Amino acid sequence: MSKEIEKIALTYLHDHKEIVVGSRNEGAENVNHIYYMVNAKDKYLALKRIVDFYPRIFAIIFCRTKIETQEIADKLIRDGYNAESLHGDLSQQQRDLTMQKFRQHLTQLLVATDVAARGLDVDDLTHVINFGLPEDIENYTHRSGRTGRAGKKGTSISIVHSREKFKIRRIEKEIGKEFVEEEIPSPREICKKQLYKVMDQLLKTDVEEEQIAPFMNDINRYFEFIDKEDIIKKMVSMEFGKFLAYYADAPEIQKPKSRREERAEAGGDRREASGKKGGGRGSRKAEEGYRRLFINLGKKDGFFPGELMQLLNKNVKGHVEVGHIDLQNTISFFDVVAEDAPRVMKYLTGSFYKGREVRCNEGDEPAKGASRGRAGATRGGQRGGRDAGKGAPRQSAKSKKPVFEYPAELVDDASAFSKKKKKSKREKPVMLQENGNTNDWRQFFYKESKPKKDVTLVGAEPDFSEEGWARRKPRKK
């Protein structure tokens, strides 16, 4: 029973009874809980290494969204793994076929969502891999409960981003089990495990003497000049070569650093870092592998993390991994994987949110007007430095603020300039009253302060007695 339903029952029911079958949110006894801490950009690489480290793995990989589920399954298939996807966009016939192959062990890895995998009952499941931890702890209990059945042991592996570590503590408290943090397997450890797998397969291979006997003479003659050791090396290399080739140049997966280590590398503690001038919330640097982006929407626009994810899903094609989100009143900053940043800026810029045009660019670019304000302050400081010899500041006893006293010559110049400015005010022309002569149109252009001059028109003088003389185009005769 969820906490919400339990609260309603306690509020409105009297003398109610609760029947519990089993234990509430208790993890299976035979399941080991392991988690690997990685950066968000390395989650898929970590997944591949975990799968390679367990050669006989038979597992369900849980993802949070349908898009992520399909993307992870496509990547695994492209990289040569035996994987299938299971999510809500598949038809019922496709789901049945996928589950039939998985139950018959024809599929080694099933990438699924929580909703699609609900109610699945598969025997001999060795691992459950959480590619992303669920928001609800009850979902994690259902996930891990898929393995470790019928007295067999199982393992629940979680690939955790550094910002999801708090979820581990919540789950530990709820299910009463402790998570064990382990290091990502190194290439050498993975190659060693795969080598043992190949050797084990060679030893356990059954030889049909009767079927192979007719060909043994030809085989012996063909390998007559090759040593036994060379044959073994070639056989192992044929089965094991792809792992050696891949992990020879495999990228290194670095463990994310704690906040304390990040502050130590930055060259100061939290107080020193936050006390720098101009170091507002927007000046925080993105973690390794991420780029910090700016968007011209904030809390006043009703823009929160959920709205940001909806905006990304609506306008940006493909999956986008979002890291830290920093919301402010009128603007916001958020981190995305470095390779996704150009795509996010391209599709978000020019889109609309509640009728407002969206602008998205690099988070470390200075805001408009900020550089101008700094430059103005610098120029002002330079002027103050040049004029320091002419006017010296004095300290006010009450306010303790510097009050400048300007020299007398500057004050005189200022007063003279203001007087001159007053004299140069434009005089308003005073029009004469009508003189009674209706044929004298020039009377309205004379000024009282100036002698009368002859007023002429540009072009021919119109016939004012004709009707419609004021039209722009003359009438056709």
Residues (out of contact with any Cys (no Cβ under 9 Å at 6 or more places or on another chain), of a type outside the set (Val, Ile, Thr) and open to solvent by less than 70 Å² (accessible area, probe 1.4 Å)) located in the range 86-113: Leu86, Gly88, Leu90, Ser91, Met99, Lys101, Phe102, Gln108, Leu109, Leu110
Criterion (closer than 25 Å to Asp121 by Cβ and either in a loop (DSSP other than H, G, I, E, B) or modelled with pLDDT under 90 (or both)) met by exactly one of Ala28, Ala73: Ala28
Residues being modelled with pLDDT of 90 or more and surrounded by 15 or more Cβ atoms within 10 Å (Cβ to Cβ) - total across the range 354-372: 3
Only listed residue being touching a residue at least 60 places away in the same chain (Cβ under 8 Å) and open to solvent by less than 20 Å² (accessible area, probe 1.4 Å), chosen from Ile67, Ile129: Ile129
Given (1) without any contact (Cβ under 8 Å) to a residue 60 or more places away in the chain; (2) open to solvent by 70 Å² or more (accessible area, probe 1.4 Å), number of the condition Asp200 does not satisfy: (2)
Residue count, the range 131-161 (criterion: in a loop (DSSP other than H, G, I, E, B), modelled with pLDDT under 85 and among the hydrophobic types (A, V, I, L, M, F, W, C)): 1
Qualifying residue in the range 244-254 (condition: within 29 Å of Asp79 (Cα to Cα), in contact with a strand residue (DSSP E or B) (Cβ under 9 Å, 6 or more places away or on another chain) and either of a type in the set (Phe, Trp, Tyr) or touching a residue at least 60 places away in the same chain (Cβ under 8 Å) (or both)): yes
Failed criterion for Lys228 (all others in (1) loosely packed, with under 10 Cβ neighbours inside 10 Å; (2) over 44 Å from the mean Cα position of the chain (by Cα); (3) at pLDDT 85 or above hold): (3)
Verdict on His87 being over 20 Å from Pro55 (Cβ atoms) and within 26 Å of the chain's Cα centre (by Cα): yes
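Yes or no, residue by residue, for (1) open to solvent by less than 80 Å² (accessible area, probe 1.4 Å); (2) within 30 Å of the chain's Cα centre (by Cα):
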{"position": "Thr141", "(1), (2)": "yes, yes"}
{"position": "Lys152", "(1), (2)": "no, no"}
{"position": "Phe179", "(1), (2)": "yes, yes"}
{"position": "Glu183", "(1), (2)": "no, yes"}
{"position": "Ser186", "(1), (2)": "yes, yes"}
{"position": "Leu195", "(1), (2)": "yes, no"}
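The values are calculated or read from the model by the stated rules, or taken from the named source; none is laboratory data. Everything quoted here is computed from the prediction, not taken from an experiment. Positions of Cβ are generated from backbone atoms using ideal geometry, with glycine treated the same way; all protein chains shown enter the neighbour counts. We work out accessible area using only protein heavy atoms, side chains counted, and drop any ligands, DNA or RNA first. Shrake-Rupley method; radii C 1.70, N 1.55, O 1.52, S 1.80 Å.
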